[in-house]
1. Here is a list: Val457, Val430, Val415. Which entry is of a type in the set (Val, Ile, Thr), at pLDDT 95 or above and open to solvent by less than 50 Å² (accessible area, probe 1.4 Å)?
2. Does Ala182 satisfy the criteria of being without any contact (Cβ under 8 Å) to a residue 40 or more places away in the chain and open to solvent by 40 Å² or more (accessible area, probe 1.4 Å)?
3. Suppose we filter Leu340, Leu369 for residues that are of a type in the set (A, V, I, L, M, F, W, C) and more than 18 Å from the chain's Cα centre (by Cα); which single one remains?
4. Which residues, counting only those in the range 157-168, are out of contact with any helix residue (DSSP H, G or I) (no Cβ under 6 Å at 6 or more places or on another chain) and surrounded by fewer than 21 Cβ atoms within 10 Å (Cβ to Cβ)?
5. Give me the pairs, please: first residue somewhere in the range 460-475 and closer than 13 Å to Glu359 by Cβ, second residue anywhere and part of a helix (DSSP H, G or I) and of a type outside the set (S, T, N, Q), beta-carbon distance under 7 Å, and either six or more positions apart or on two chains.
6. Condition check: part of a helix (DSSP H, G or I) and either among the aromatic types (Phe, Trp, Tyr) or closer than 26 Å to Glu475 by Cβ (or both). Does Ala404 satisfy that?
7. Could you pull out every one of the helices (runs of 4 or more DSSP H) wholly within the range 410-466 that has 1 or more residues that are within 29 Å of the chain's Cα centre (by Cα)?
8. With the checklist (1) open to solvent by less than 10 Å² (accessible area, probe 1.4 Å); (2) within 27 Å of the chain's Cα centre (by Cα) in hand, flag the one item Arg175 doesn't pass.
Amino acid sequence: MAGESTSTGHDAGHCRITATVAPPWDAAAWRSAARAAVCADLPPDRLDWSGGAQGALLGGADLVTFPANREPPRVPAEFLALAGAVLCHRAGDRHGLLYRMLWRIALGERALLLRASDPDVHRARTLAQAVRRDSHKMKAFVRFRAAPGDDEHYIAWFEPDHHIVDRVAPFFARRFAGMRWAIVTPDRTAIWDGSALAFAGGGTRADAPAEDAREDLWRTYYANIFNPARLNTTMMRSEMPQKYWGHLPETALLPALVRDAGRRVREMAEREHVAPRRRIPVAPGPAPAEPGSLDALRESARDCRGCSLWQPATQTVFGEGPTDARTMIVGEQPGDEEDLSGRPFVGPAGRLFSRALDELGIDRRGLYLTNAVKHFRFEPRGKRRLHKRPDVAHIEACNGWLRAEIAQVKPERIVCLGASAARAVFGPGVRLSEARGAWRTRDDGVRAFATVHPAWVLRQGDLQAQALAYAGFVEDLRLLLAT
């Protein structure tokens, strides 16, 4: 990301410096350039900032021309977060604005961001708010459509006001982790292949499908949930500006729905009251182990109501893998990405687990992956859903499903990831600290051992502690090679 500076001479006191950040929205490139400029005592009025592909400030030999005269400044974390948003704006003065604020902070104005009336602070917060608003619109109005001839690949077209694709794409990677997709914009394309996020150059509207077969179903659904009694056309135009209507299949219905809203409200008022009836499927309970197949178990588990976790969760996340797998991996419960995609071990912990398997030369595709609890337990924290450990009652309620999976797959060995999994596989009374890394034989003859959950590794406080925890986790999994 770092590039080169240009100047008219080698005397830092008598030349202007052109600082180029590429790409212009990249926070790391700007921070590297700005840090070097502050250390070289280059005041804001000496720098001409430019966003483009030529490079950035003070790279290579230019560091000799402009030596560091001071230590890098320490700045509040709030400033870095603000800068990350401001850099995504298209305003041509944003790089210089942020550097001017950094220079002032470095010279002693540590409380600069607390001065809401300061012109620089006000300008920066206005730009950041515009970027946040544009990011919200992208999350709300992107619509994926199946690629022609490939129902497993989805493409969306979007026209953001600012350079927000890199900023917002991780949201879609988490939300739609289980499918392959691309978001095409005029400047930038985000691509998710199911495991990694990549970026490419921009495209045109023709690169995305105009419509697919699912949109007729969506329009029918939208027309039936449209509530004419809550119609507010002013608010609708504010929240759903007309520039986004081309992305939304339901907008073709809006003129007729708005026109008929008055009549439908009168009909609703005159209609005889009917008490609401909520149909909840009868809890089938865990299926017996002998009859049926894994597919039949999976279908039955979709309607499981054995405990209360099904209510806030998106869906049941059942096990997956070869029906004759020799090794079964049992985790604790699905996480946020697993709950949204319906597949086990696809979130951050699952990716860490895959990394450990790769280091050991174990093919993940040969394993049967499942969890002791089939629904995601979480607590809302703003817009985030934070993992919450399942209770013993949840483990017991799901244990019938796990027993049925073991009976159908008939694995030779089981790996328990975490204390909840160890309890589900071995029964109560097993302590992870005592059982970790040691083979045990279950009553059915299946050998099993327990280790920590990869999510525990990710929760370690610093990089050194995380590295030690990961090394111990890999060493435990090495037991699989011994067999």
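The values are calculated or read from the model by the stated rules, or taken from the named source; none is laboratory data. Everything numeric here is computed off the predicted structure, so don't read it as measured data. When we count neighbours, we look across all protein chains shown, and the Cβ atoms used for this are built from the backbone with ideal geometry, even at glycine. For the accessible areas, the whole protein counts, side chains as well, though only heavy atoms, and no ligand, DNA or RNA atoms are used. Shrake-Rupley method; radii C 1.70, N 1.55, O 1.52, S 1.80 Å.
1. Working: Val457 fails: at pLDDT 95 or above; Val430 fails: at pLDDT 95 or above.
Going through Val457, Val430, Val415 in turn, the sole match is Val415.
2. On the way: without any contact (Cβ under 8 Å) to a residue 40 or more places away in the chain: yes; open to solvent by 40 Å² or more (accessible area, probe 1.4 Å): no.
So Ala182 fails the test.
3. Details: Leu340 fails: more than 18 Å from the chain's Cα centre (by Cα).
Within the list Leu340, Leu369, the selection yields Leu369.
4. Correct list: Glu159, Asp166.
5. Hits for this filter: Tyr470/Val457; Phe473/Ala356; Phe473/Pro454; Phe473/Val457; Val474/Ala356; Val474/Glu359; Val474/Leu360.
6. Working: part of a helix (DSSP H, G or I): yes; either among the aromatic types (Phe, Trp, Tyr) or closer than 26 Å to Glu475 by Cβ (or both): no.
Criteria not met by Ala404.
7. Numbers: elements: 419-426, 432-435, 454-458.
Correct list: 419-426, 454-458.
8. Status for Arg175: all satisfied but (1).
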